[in-house]
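These notes concern the structure reproduced below.
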Amino acid sequence: MKILVCISKAPDTTSKIAFTDNNTAFDKNGVQFIINPYDEWYALVRGLELKEANGGSVTILNVGGADNDPTIRKALAIGADDAVRINMEPTDALGVAKQIADYAKENTFDMVLCGKETIDYNGSQVGGMVAAFLDQPFISNASKLDMAGNTATVERDIQGGKEIVQVDTPFVLSAAKGMAEARIPNMRGIMAARTKPLNVVEPSAFENTTEIASYELPPAKGACKMVSADNPAELLNLLRNEAKII
Amino acid sequence: MSILVYANTAKNKVHKSAFEAVSYGAQIAEKSGDSVTAVVVGNADDLDTLGKYGADKVIHVTNDKLNDFQPTLIAQAIQQAAEENNASIIVFSHDLSGKSVAPILAAKMNAGIVTGAVDLPQMDGDFIVKKAVFSGKAYAHVKVTTATKIISLTPNALEKKEYNKTASVEDKAYELGDSRLKVVEQKIQSTDLPLTEAELVVSAGRGLKGPENWGMIEDLAKALGAATACSRPVSDMDWRPHHEHVGQTGVAIRPNLYIAIGISGAIQHLAGVNQSKVIVAINTDPEAPFFKAADYGIVGDAFEVVPKLVVAAKAMN
Ligand SMILES: Cc1cc2nc3c(=O)[nH]c(=O)nc-3n(C[C@H](O)[C@H](O)[C@H](O)COP(=O)(O)OP(=O)(O)OC[C@H]3O[C@@H](n4cnc5c(N)ncnc54)[C@H](O)[C@@H]3O)c2cc1C
């Protein structure tokens, strides 16, 4: 079973978000980067579990510059076999998806796994786009994935509930909570990751369809109005008559 | 030219988020002078109500292949409707259906897409859409440079506008490919609205001590007509189901009211809820970080405060 796991780099969840260059660029100063949690905790770990149970390989794919290599090495330390970095600063999801799809077309995988969204741009776009470029079925927001031969049984979140679907390989899936438990790399994994292959591939040509014109921080919150614990009814009164929301 | 809106249905009714998307499309059309076409896949017995929120026309796609949720085929149907109607902008709701279908369509049409819009696009000169990024810690203004543009709208982000038009309904049996995806079982939850679309949310954290204490949280939610949510440790310990987990690595929501009970207000939790219009924190610890993000607060023990709130909320109704 050949599994491709797409990972994105994202700022650590405790990062202070700030912008530079007249609010046109994210300020990376002092920011720690991690593997996007959905990609790491769910897509990667489930991919590894499937490999452990059925044999095969897990390849990591990242679209980004050389500064992403430490993040990619962490995915190798968790247990992936090899990694590919497509050497391009990602600027929009369609461009990233095109690179992933071009690579996946040339190297044929049984499944392409990614996270349901990134915690920086919150797009929920790449998985569906890759599926469209590859003309493969797309299962989004999957919370369980089991394989029997070539047939996957997947639980997915849909509007208002969950459903179980079946699909034969190849397919593209975006992973959500429930699919696996996060793994912490051990010392052996970290040592092994240093010598695992990380191949750098040049991007194919494409044109951007979107660009970020500027960023904005939300306005600061005013002071919190305190209500006495002895009279909680006053809270409802304020919500109804002052905030006018209930 | 026209604005095309994918109007999602559930249980034979047009979904609430679909009305928001149609109204959003209609507000764009007001500026651009286009007409608004809603595309509905599957059955709904209230298609005429789409006119109320601004649809001029409804395309009802009747192909049986769409009885199950088939994102690829829905994208094919919408693409045909878009081409037939010369659509320049295609609007989705950024709900679980939109998140699945819109990116497929964007790739198939090579259309620039902005997901999770929180405001109407700016259209004089460049076409720019505002969306939340960094899990609600900031906004980005995204410029779309293609002729066909796709936008998905964050649920509960904008007030719906009423237009009271009468929309004509056209049945279409578009030709669709075959899908390898088979739905074998549906587990529809009984909760009425998905958390992302709820206007009022009552949420609780580890301060509640154990799952057996959620009765008062549910009572309060019921009395207010609110949905329930929880912090991540609470769902990790299986005190509550995963779909209630809000935050940076759970569901991001922007209800009109978010009441946080016994939740400390960690940065990862706030990331998923700080776009709520009004935030209430109830916590025994006056130094809890949640009070810095809240509009109203009560320093007190949830086990004393919440039952009193339930009584007061019931009395209010
Ligand atoms: C990568 C990463 C991602 C994360 N993502 C998320 C996420 O998406 N969502 C999320 O929620 N968390 C997330 N977290 C976890 C987050 O950092 C916090 O640990 C978590 O939010 C704390 O949950 P809590 O507030 O329920 O519990 P605690 O931090 O234990 O807080 C409990 C609160 O209850 C109060 N309390 C205690 N007793 C009472 C009482 N009787 N009455 C009233 N108040 C009482 C306490 O004063 C305290 O403030 C993430 C962490 C990491 C590292």
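The values are calculated or read from the model by the stated rules, or taken from the named source; none is laboratory data. Predicted, not measured: the structure shown is a model, and the values here were computed from it. We place every Cβ from the backbone using ideal geometry, glycine too, and count neighbours over all the protein chains shown.
Odds and ends about this structure:
- Residue satisfying all of: in segment B:245-271; at pLDDT below 95 and more than 10 Å from every other protein chain (Cβ to nearest Cβ); nearest to the ligand (Cβ to nearest atom) among these: B:253
- Just one residue in the set B:85, B:43, B:63, B:12 is under 30 Å from residue B:180 (Cβ atoms), within 14 Å of chain A (Cβ to nearest Cβ), of a type outside the set (A, V, I, L, M, F, W, C) and surrounded by fewer than 24 Cβ atoms within 10 Å (Cβ to Cβ); that residue is B:12.
- Just one of the numbered conditions (1) among the β-branched types (Val, Ile, Thr); (2) touching a residue at least 60 places away in the same chain (Cβ under 8 Å); (3) within 14 Å of chain A (Cβ to nearest Cβ) is not true of residue B:169: (3).
- Search result, residues across segment B:234-244 that are within 9 Å of chain A (Cβ to nearest Cβ) and surrounded by fewer than 21 Cβ atoms within 10 Å (Cβ to Cβ): B:242
- Residues considered: B:282, B:259. Of these, the only one that is closer than 30 Å to residue B:118 by Cα, over 23 Å from the mean Cα position of the chain (by Cα) and outside any helix (DSSP H, G or I) is B:282.
- Checking each residue in segment B:234-244 for being more than 18 Å from the chain's Cα centre (by Cα) and more than 8 Å from the ligand (Cβ to nearest atom) picks out B:235, B:236, B:237, B:238, B:239, B:240, B:241.
- Residue-level check: of (1) over 24 Å from residue B:143 (Cα atoms); (2) hydrophobic (A, V, I, L, M, F, W, C); (3) within 14 Å of the chain's Cα centre (by Cα), residue A:77 misses just (3).
- The residues of segment B:280-317 that are facing chain A (nearest Cβ under 7 Å) and aromatic (Phe, Trp, Tyr), listed by number, are B:291, B:296.
- Filter result (of a type in the set (D, E, K, R) and either within 15 Å of the ligand (Cβ to nearest atom) or touching a Cys at 6+ places or on another chain (Cβ under 7 Å) (or both)) within segment B:209-228: B:209, B:212
- Considering (1) within 22 Å of residue A:12 (Cα to Cα); (2) within 12 Å of chain A (Cβ to nearest Cβ); (3) within 7 Å of the ligand (Cβ to nearest atom); (4) modelled with pLDDT of 95 or more, the lone condition that residue B:231 does not fulfil carries the number (2).
- Residue within segment A:178-197 that is within 10 Å of chain B (Cβ to nearest Cβ), buried (at least 17 other Cβ atoms within 10 Å of the Cβ) and either at pLDDT below 95 or in contact with a Lys or Arg (Cβ under 9 Å, 6 or more places away or on another chain) (or both) present: yes
- Residue within segment A:142-154 that is more than 8 Å from every other protein chain (Cβ to nearest Cβ) and under 28 Å from residue B:13 (Cβ atoms) present: yes
- Test: residue in segment A:55-67 that is farther than 22 Å from residue A:194 by Cα, at pLDDT 95 or above and more than 18 Å from the chain's Cα centre (by Cα): yes
- Enumeration of residues in segment B:173-203 that are within 16 Å of the ligand (Cβ to nearest atom) and farther than 30 Å from residue B:65 by Cα: B:201, B:202, B:203
- Any chance residue B:206 is within 11 Å of the ligand (Cβ to nearest atom), more than 23 Å from the chain's Cα centre (by Cα) and surrounded by fewer than 23 Cβ atoms within 10 Å (Cβ to Cβ): yes
- Which listed residue is more than 16 Å from the ligand (Cβ to nearest atom), surrounded by fewer than 22 Cβ atoms within 10 Å (Cβ to Cβ) and on the phi > 0 side of the Ramachandran plot, from A:87, A:54, A:22, A:29: A:22
- Residue in segment B:71-92 that is charged (D, E, K, R) and either touching a residue at least 40 places away in the same chain (Cβ under 8 Å) or closer than 25 Å to residue A:211 by Cβ (or both) present: no
- Residues that are of a type in the set (Phe, Trp, Tyr) and at pLDDT 95 or above were ranked within segment B:115-150; the one that is farthest from residue A:125 (Cα to Cα) is B:127.
- Residue count, segment B:272-302 (criterion: in contact (Cβ under 8 Å) with a residue 40 or more places away in the chain and more than 8 Å from the ligand (Cβ to nearest atom)): 4
- For residue B:217, the criteria (1) buried (at least 20 other Cβ atoms within 10 Å of the Cβ); (2) modelled with pLDDT under 95 hold in every case but one, which is (2).
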